[in-house]
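Working notes, structure below.
The values are calculated or read from the model by the stated rules, or taken from the named source; none is laboratory data. Everything quoted here is computed from the prediction, not taken from an experiment. Cβ atoms come from the backbone with ideal geometry, glycine included; neighbour counts cover every protein chain shown.
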Amino acid sequence: MTPLSRIRTRATRTAILFALLASPGATPAQQKSLPPEKRAAIDKSVSGFMAANSVPGISAAVVLQGELAWSAGYGMADLENYVPATSATLFRLGSISKPLTATAALQLVDRGKLDLDAPVQKYCSAFPQKDSPITTRELLGHLGGIRHYNKDGKGDIPEDSARHFATMQESLQVFANDPLVAKPGTKFNYSTYGYTLVGCVIEGASAQKFTDYAAENVFRSAAMDHTQADDFFAVIPHRSRWYHKDETGAVRNAGVLDSSYKIPGGGFISSADDLARFAAALLADKLVTRKSRDLMWTAQKLVDGSPTRYGLGWFIVTEHQIQLIAHTGSQQGASTALVLIPDRQAAVVVLINMDGVDAAKLCDNILKIVFDLKD
């Protein structure tokens, strides 16, 4: 047997192991309002998904009628130490951090502390003036002209970097002096760095450190007791390990990632239970006013009137003839999806501790099971 064959054989055995481990973990948050046959169908869908993709661990949750109806963990949060995933396991959120940050910003709007249409320098003097003013509304809708990651990686924080950024102002240094990719308002350009600038705006408007404001005003208000910044160097109970599948299909530990340079756009960790509580709190208007919630969930337009599919912190899509408010996330060792269905006071959460996996597909599968939807 060649070395490559041995690697592939190990990968196949690992996939079988994951399938055997993919039974739901018991959790105190699990409720009885989701019928047993639907829970069984979700278990089957998740188990098949894990086996097909060699996924180590998954946590998922369902909100119905504005309340957490079901949640469970599958597989392993930590393969090396044989720690099962539960609905309380903490996963990297990736870009699902953006809806959390947008909610924080809209709270400040509700409180009269933030003008979405004022130049960002009113709140974040550390960001240099550009040829055209940039507003927080434009940043939240990815219309601010701030660049995303460069395709060649130049000028960005390298993958497998443990460099720690102590402040939001320090994080701005990664991109603040770069030219805009377009005049603000004229082009949709998805940008995690744009959300770093939103974090600086929130600090100026609230007179608090960004992470402190989010913890005290978003997470605490939604009973998200374990959601926090993903501090690479801290010891955080119940945090998952992170995994990656190499070109041979073998499951390996993902690379180092200190996400302190992009906390507002991709640096939080959370659990399926906490994100379900976040969704329920938004649906119940407990975090922002209905006016602000509607604004977040309304697709923005370019200055020429062309529509985008993005509101303020959320993608706005229609599938199965239902309007969905959604976001996905992906970074080293994580693939995530969060979908809200406002008309049905419902939501689905999927968190996976491996990168390069289609979390949105599994989220859609669960959505179809819960609501008896067809393709």
Quiz item: From the list Ala284, Ala280, which one is closer than 21 Å to Ser221 by Cα, in contact (Cβ under 8 Å) with a residue 40 or more places away in the chain, out of contact with any Pro (no Cβ under 8 Å at 6 or more places or on another chain) and surrounded by fewer than 17 Cβ atoms within 10 Å (Cβ to Cβ)?
Solution: Ala284
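Give me the strands (runs of 3 or more DSSP E) completely within region 308-375, filtered to those with at least 2 residues that are among the hydrophobic types (A, V, I, L, M, F, W, C), free of Cβ contacts under 8 Å to residues at least 60 places away in the same chain and out of contact with any Cys (no Cβ under 9 Å at 6 or more places or on another chain), ordered by residue number.
Because the criterion is at least 2 residues that are among the hydrophobic types (A, V, I, L, M, F, W, C), free of Cβ contacts under 8 Å to residues at least 60 places away in the same chain and out of contact with any Cys (no Cβ under 9 Å at 6 or more places or on another chain), the strands (runs of 3 or more DSSP E) in region 308-375 that meet it are 315-319, 322-331.
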Self-check item: Members of region 109-130 that are surrounded by fewer than 22 Cβ atoms within 10 Å (Cβ to Cβ) and part of a helix (DSSP H, G or I)
Solution: Val109, Asp110, Gln121, Lys122
Exercise. With respect to Ser54, determine if the residue is modelled with pLDDT of 95 or more, more than 20 Å from the chain's Cα centre (by Cα) and over 19 Å from Phe268 (Cβ atoms).
Key: yes
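In this structure, is Phe188 at pLDDT 95 or above, in contact with a helix residue (DSSP H, G or I) (Cβ under 6 Å, 6 or more places away or on another chain) and part of a loop (DSSP other than H, G, I, E, B)?
When the stated conditions are applied, Phe188 does not pass them.
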Quiz prompt | Index of the failed condition, Arg252 passing every other in (1) assigned to a strand (DSSP E or B); (2) under 20 Å from Arg163 (Cβ atoms) | solution = (2)
Exercise. Looking for whichever is over 17 Å from the mean Cα position of the chain (by Cα) and not charged (D, E, K, R) here; the options are Ala229, Ala281, Ala205. Which one fits?
Key: Ala205
Quiz item: on the phi > 0 side of the Ramachandran plot and either modelled with pLDDT of 95 or more or small (Gly, Ala, Ser) (or both): does that describe Gly329?
Solution: no
Practice problem: Only residues that are surrounded by 15 or more Cβ atoms within 10 Å (Cβ to Cβ) and farther than 13 Å from Thr192 by Cβ: list them for region 150-166, please. | Solution: Ser161, Phe165
Quiz prompt | Hits in region 287-307 (condition: touching a residue at least 60 places away in the same chain (Cβ under 8 Å) and among the β-branched types (Val, Ile, Thr)) | solution = Val288, Thr289, Val303
Quiz item: Of the residues that make up region 37-44, is at least one within 30 Å of Ala207 (Cβ to Cβ) and in contact with a helix residue (DSSP H, G or I) (Cβ under 9 Å, 6 or more places away or on another chain)?
Solution: no
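Restricting to region 131-149, name every residue that is touching a strand residue (DSSP E or B) at 6+ places or on another chain (Cβ under 8 Å) and either surrounded by 23 or more Cβ atoms within 10 Å (Cβ to Cβ) or of a type in the set (A, V, I, L, M) (or both).
Ile134, Gly141, His142, Gly144
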Quiz item: Conditions: (1) closer than 29 Å to Ala69 by Cβ; (2) touching an Asp or Glu at 6+ places or on another chain (Cβ under 9 Å); (3) surrounded by 14 or more Cβ atoms within 10 Å (Cβ to Cβ); (4) not polar (S, T, N, Q). Lys291 meets all but one. Number of the miss?
Solution: (3)
Quiz item: Are there any pairs with C-beta distances below 6 angstrom linking a residue in region 215-239 that is closer than 11 Å to Arg277 by Cβ to a residue that is surrounded by fewer than 16 Cβ atoms within 10 Å (Cβ to Cβ) and at pLDDT below 95, with the two at least 6 apart or on different chains, and if so which?
Solution: none
Exercise. Would you check if there is a residue in region 209-227 being buried (at least 22 other Cβ atoms within 10 Å of the Cβ) and of a type in the set (D, E, K, R)?
Key: no
Quiz item: Conditions: (1) touching a Leu at 6+ places or on another chain (Cβ under 8 Å); (2) among the aliphatic types (A, V, I, L, M); (3) within 26 Å of Glu67 (Cα to Cα). Ile202 meets all but one. Number of the miss?
Solution: (3)
